[in-house]
Amino acid sequence: MNTTRHMRGKPSQESSLNITLDAPLDELLAAAKSRYEVAFEPVKIGGYTLEILQLTNMGSYVEALAAQLTPGDSLELPFWARIWRSSFLLSYFVQRLPAEGRSMLEIGAGVGLCGLFAAKHGFEVTLTDIHPDALLFTQINILKNGLQERARVASADFTQDRLGRRFDIVLGSEVLYKEDTYRPLCKFLLDHVADTSEAEIVLAKEFTRKATKFFNLAEREFNIKSQDIGYKSDTQAGDQEKHLCTIYRLSPKKITPPRIG
């Protein structure tokens, strides 16, 4: 993949951004530069190509974090910065959904890949995460790709926060990795998906990841459909490796009927 200029900074486990996310693109990039080594990389999915800001060497960054630890500290891995394979597939999937005049909420957005492609496709998207650096990267990606008319960022913890509005689509990639979040996540989804027959929640996870307890909870409130999708990639040995994920579509069982007259 092609890259633009590299930016080097000192790794840190905690974010202390001295900048607001409504700052210009060059100032936001400078803030990213002060914390990470990053580069824009073109990502093509479906009919669109976007420039996505990413860490250029995740392994070295994690090693540097580990070297800073003192006895008794735990290492907080920057999962928000990783683009999961299921996110590529979900970004492709959302381009098959009707977008005109429809709103979307992405939870656990990370660098914003899925929501950015959804915005490019025509959705009005709110991208959320709990990590301030994830919001920084996402806002940079929004501005870099000229999507500020269709996309915005917001801090939200889906285990406890509420945004005060509902959305036609709620989107999430790899948000089912912590079992202790399943119950509050179900409540969050119920409180934020529109109660109409066209509204739905679309979740993606690696095919091998199990989240049985979540879906046992979710089926009380939602109708659930699933399908497996995948793609093949070349390995360093010249072989092809197949990647599978499961897309789940959840629609509320209880909806408000439209008013007549």
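The values are calculated or read from the model by the stated rules, or taken from the named source; none is laboratory data. Worth saying up front: this structure is predicted, and the values here are computed from it rather than measured. Positions of Cβ are backbone-derived with ideal geometry, glycine not excepted, and every protein chain shown enters the neighbour counts. Ligands, DNA and RNA are excluded from the accessible area calculation, which covers all protein heavy atoms including side chains. Shrake-Rupley method; radii C 1.70, N 1.55, O 1.52, S 1.80 Å.
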Exercise for the section: Consider only pairs whose beta carbons are under 6 Å apart and that are at least six residues apart or on different chains; among these, list those whose first residue lies in the range 136-163 and is closer than 17 Å to Val175 by Cα and whose second residue is part of a helix (DSSP H, G or I) and among the aromatic types (Phe, Trp, Tyr). Expected result: Phe158/Phe188
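Give me a count of the residues in the range 149-160 that are in a loop (DSSP other than H, G, I, E, B) and under 17 Å from the mean Cα position of the chain (by Cα).
5
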Fill in the blank from the handout: Those residues of the range 206-220 that are at pLDDT 95 or above and either closer than 19 Å to Ile107 by Cβ or surrounded by 12 or more Cβ atoms within 10 Å (Cβ to Cβ) (or both) come to a total of 6
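For Ala194, indicate whether it is under 16 Å from Lys254 (Cβ atoms), aliphatic (A, V, I, L, M), in contact with a strand residue (DSSP E or B) (Cβ under 8 Å, 6 or more places away or on another chain) and modelled with pLDDT of 95 or more. Before you say what the answer is, go through the steps one by one.
Working: under 16 Å from Lys254 (Cβ atoms): yes; aliphatic (A, V, I, L, M): yes; in contact with a strand residue (DSSP E or B) (Cβ under 8 Å, 6 or more places away or on another chain): yes; modelled with pLDDT of 95 or more: yes.
Yes.
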Problem - the range 173-192 - residue that is open to solvent by less than 30 Å² (accessible area, probe 1.4 Å) and not hydrophobic (A, V, I, L, M, F, W, C) and, of those, nearest to Phe88 (Cα to Cα) - result: Ser173
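Table: residues versus (1) modelled with pLDDT under 70; (2) in contact with a helix residue (DSSP H, G or I) (Cβ under 6 Å, 6 or more places away or on another chain); (3) not in a loop (DSSP other than H, G, I, E, B).
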site: Val62; (1), (2), (3): yes, no, yes
site: Thr70; (1), (2), (3): no, no, no
site: Ser87; (1), (2), (3): no, yes, yes
site: Phe93; (1), (2), (3): no, no, yes
site: Ala109; (1), (2), (3): no, yes, no
site: Gly115; (1), (2), (3): no, no, yes
site: Ala118; (1), (2), (3): no, yes, yes
Exercise for the section: Answer yes if at least one residue in the range 155-172 is under 16 Å from Pro24 (Cα atoms) and open to solvent by less than 80 Å² (accessible area, probe 1.4 Å), and no otherwise. Expected result: no
Problem - Whichever residue in the range 9-28 is touching a helix residue (DSSP H, G or I) at 6+ places or on another chain (Cβ under 7 Å) and open to solvent by 20 Å² or more (accessible area, probe 1.4 Å) and, among such residues, is modelled with the highest pLDDT - result: Leu25
Practice task
Could you run through the range 172-202 and say how many residues are in contact (Cβ under 8 Å) with a residue 12 or more places away in the chain, closer than 21 Å to Gly110 by Cβ and either assigned to a loop (DSSP other than H, G, I, E, B) or in contact with a Cys (Cβ under 6 Å, 6 or more places away or on another chain) (or both)?
Solution key: 5
Problem - Pair list, Cβ under 8 Å, 6 or more apart: the range 204-221 residue touching a residue at least 40 places away in the same chain (Cβ under 8 Å) and outside any helix (DSSP H, G or I), other residue surrounded by fewer than 12 Cβ atoms within 10 Å (Cβ to Cβ) and not hydrophobic (A, V, I, L, M, F, W, C) - result: none
Exercise for the section: Go through the range 86-133 residue by residue and tally those that are surrounded by fewer than 24 Cβ atoms within 10 Å (Cβ to Cβ), under 21 Å from Glu198 (Cα atoms) and without any contact (Cβ under 8 Å) to a residue 40 or more places away in the chain. Expected result: 7
